[in-house]
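Throughout, read-outs are computed from the coordinates displayed, never taken from laboratory work. If you're wondering where the values come from, they're calculated on a predicted model, not measured in any experiment. So basically every Cβ, Gly included, is an ideal-geometry build from the backbone, and we count neighbours across all protein chains shown.
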Amino acid sequence: MPTEQAPSFAAPDRRQDVRHAAVGAGTNFLAILASLSEAAFHPVAAHLFGTAFYGLYRWGVSCSEPLLRLSPLGTDKGLLRHIASHRVAGEAELEQRSLRTAFWLTLAASLALTALAFLFAGPLAALQGKPEVAIAIRFLAPSLPCSALILVLISATMAAKTMRYNLLVRGITQPLSLLLLAVLLGTLFPTLVGLCAAHLLAVALTAALAFWAAARVFRAMPLARALWPASAPGGTAPNSAPFFHGEMVRFSIPMGISEFLNSILQRTDIILIAFFAGPETLGVYAGAEALSRVASNIRYAFDPVASPVLSESLRQKDMGRLRYNLRLMTRWTTIITVPLLLAMIVFRNELLRLFPQAFLAAGPVLVVLLFGHLVNGTLGLTGWVIAMAGRSRLVLLNNLVSASVNVVLCCLLIPRMGLLGAALSSASSVALLQTLQLVEVALLYRVHPFSRGFFKAVAAGAVVLLLAEFAVGALDLPTLASLMLRAFVILAGYGLILVALGLGAEERELVRKSWRKVFGRLLP
């Protein structure tokens, strides 16, 4: 929908929802493909800067990640709920207030957390007996305000159902600039400071582009006027309406704490490994963990697509639309995630060979992490029902329970099982979080994400995994022939099994339209 036109507040029908899901997720999927340069960044950085410096950098990023998730105070999620809700109800002034609240709260919180990171970098380094830790944290801390504002501004554009700027800003600019700057500084200054500087410069460049993108999307509501009403033409004073959006603040704060806990859930393994092992071991685990995250990227492409639709459905109390979209998008997420995860499991050693030789030992660790991301990637959209319904305190409770379990498991398993124990702790806590959300959504709203298409995708994946991993592995084939056969089994086999089991009506229609668009232009 062009941003300069007044939005239509009529409830979309299922055909419009399917189109939004296909176009929005397709655009975000392109962002994921473009962001593969970030996946390339990790082995490049490990080679150019060394495993030890790469491990310390990743440890610094892992420590900064919870602060980054806390910086927006949940307003990035609040925008996805409130902008969509206010637009469907025609509440333009509340939409402006939502954006204003998110911007100023994020800026204030991120600056305060940056100062906090500087303050505690020294004591944390002394606790570990590693002075380099303070260097990593202090050089990465200034990126917090820029990174937090990127999250908020791009969330605002996606809440307005405009996905292309996410592709441009976070999909292309941020990872590509990080890769290019890492190559440049890794060649000239292959130090920990050089690696952190590459990160900081890439984030600053991306933040500037995010401001431009938000200004483009909210043309009908000039960004400067939305952020500060007194900037209206003529310098007129703001009206008597509240400056902040009180309801959004009450919703967002628990979401922000939940994001903080969720980041601890995702980073506890890396943070605690630093206390039990050296930088090289930390670097090996961090590389495997970074690779495994690719498996969840498909779901992340659907998050900003699903959340506004779920928010609209809940605002209009249309449970039929809520159920339909949750199942549709979960099915599509699963259909795409399963073959990606299969390929990463089957070709795990080839992927780890992109890193220095020591990373090959992380094969079993990568497999365990991937199964955790499979659960997160296929079932994670369910949590958005709770969030978009405004139950941010329940989201907070779920993340508190899961994060606590992860910390306990890491403390128990890492000393006994090493890196594999860290991976098992992470995967188990993710599975617990998704289970809690599934049960709560079923009890509170009488909906669930499961459909025949979901189980067909899982069944097709299980068959293909057995064929590619064990059947082909049992054949005595040359390495190249074995790799090509496994790739064929994953791609062709998965697709053929899905077709044999039967595609859903939406998938058949999508295939027909895609076929016409591609071959209709090629053939007269």
Here the net charge surrounding Val338, from other residues whose Cβ is less than 13 Å away from its Cβ (Lys, Arg +1; Asp, Glu -1), is +3
Ignoring trypsin sites (Lys or Arg not before Pro) buried by more than 13 other Cβ within 10 Å or outside DSSP loops, the longest site-free run in the chain is 1-218
Cα-based Debye curve of the chain sampled at q = 0.05 Å⁻¹ gives log₁₀ I(q)/I(0) of -0.20
Expressed to two decimals, the stretch 451-517 has a Cα Rg over Rh, using the Kirkwood radius, of 1.10
With +1 at each Lys and Arg Cβ and -1 at each Asp and Glu Cβ, the charge dipole magnitude of the stretch 77-134 around its Cα centre, to the nearest 20 debye, comes out at 100
Of the residues Thr333, Thr191, Leu124, the Cα lying farthest along the dipole of the chain towards its positive end, which is defined by charges on the beta carbon of Lys, Arg, Asp and Glu, belongs to Thr333
Using eta = 0.890 mPa s and T = 25 °C, Stokes-Einstein with Kirkwood Rh from Cα pairs puts D for the stretch 237-391, in µm² s⁻¹, at 136
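Treating the beta-carbon of each Lys and Arg as +1 and of each Asp and Glu as -1, no other charges, what is the dipole magnitude of the stretch 373-519 about its Cα centre, to the nearest 20 debye?
Values: 12 positive and 6 negative charges, 97 e Å.
Computed charge dipole of the stretch 373-519: roughly 460 debye.
Stretch Leu116-Arg219 to full length: gain in nm at 0.36 nm per residue minus the Cα-Cα span? Numbers along the way, then the final one.
Numbers: separation 103, 0.36 × 103 = 37.08 nm, distance 3.61 nm.
Using 0.36 nm per residue and subtracting the Cα-Cα distance, I get 33.5 nm.
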Magnitude of the Cβ-charge dipole (Lys and Arg +1, Asp and Glu -1) of the chain about the Cα centre, nearest 20 debye, reported as 1220
Asserting the computed 222 nm helical MRE of the chain (DSSP H runs at least 4 long, -39500 (n - 2.57) per run, divided by residue count, to nearest 500) equals -26000 deg cm²/dmol
Going residue by residue through the stretch 205-214, the Karplus relation 6.51 cos²θ - 1.76 cosθ + 1.60 with θ = phi - 60° gives ³J(HN,Hα) values, rounded to whole Hz and with x marking Gly or Pro, of 4, 5, 4, 4, 5, 5, 4, 4, 5, 5
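Which value in Å does the Kirkwood hydrodynamic radius of the stretch 376-524 take, with 1/r averaged over all unlike C-alpha pairs and then inverted?
19.2
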Given the candidates Ile270, Leu282, Leu314, the one whose Cα lies deepest towards the positive end of the charge dipole of the stretch 241-326, counting +1 at each Lys or Arg C-beta and -1 at each Asp or Glu C-beta, is Leu314
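Find how much the distance from Leu412 to Leu205 grows on full extension, using 0.36 nm per residue of separation minus their present alpha carbon separation; answer in nm with one decimal.
70.4 nm
Return the equivalent ellipsoid semi-axes of the stretch 102-196 as a descending list in whole Å, where each equals the square root of 5 times an eigenvalue of the C-alpha gyration tensor.
On the way: eigenvalues 165, 87, 12 Å².
Semi-axis lengths for the stretch 102-196 are 29, 21, 8 Å.
Note down the relative contact order for the chain as a percent, whole number, built from C-alpha pairs under 8 angstrom at least six residues apart.
Averaging sequence separation for qualifying contacts and normalising by length gives 19 percent for the chain.
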For the stretch 451-517 the mean separation of alpha carbon contacts under 8 Å (6+ apart) over residue count, i.e. relative contact order in percent, is 41
Along the dipole axis of the chain (charges at Cβ: +1 for Lys and Arg, -1 for Asp and Glu; origin at the Cα centre), the most positive-end residue among Leu396, Leu342, Leu168 is Leu168
1/(1 + (r/R0)^6) with r = Cβ-Cβ of Val249 and Leu483, R0 = 60 Å, i.e. FRET efficiency to nearest 0.05, evaluates to 0.65
Computed from the beta carbon distance with a Förster radius of 51 Å, FRET efficiency for Trp104 and His47 to the nearest 0.05 stands at 0.75
With label points set 7 Å from each Cα along the Cα-to-Cβ direction at Leu438 and Ala492, the distance between them in nm comes to 3.4
With 0.36 nm assigned to each residue of separation and the Cα-Cα distance removed, Lys317 to Ala361 gains 10.7 nm
Zone reached by a paramagnetic label modelled 7 Å from Thr191 Cα along Cα→Cβ, restricted to the stretch 105-129 with backbone N below 19 Å, covers 122
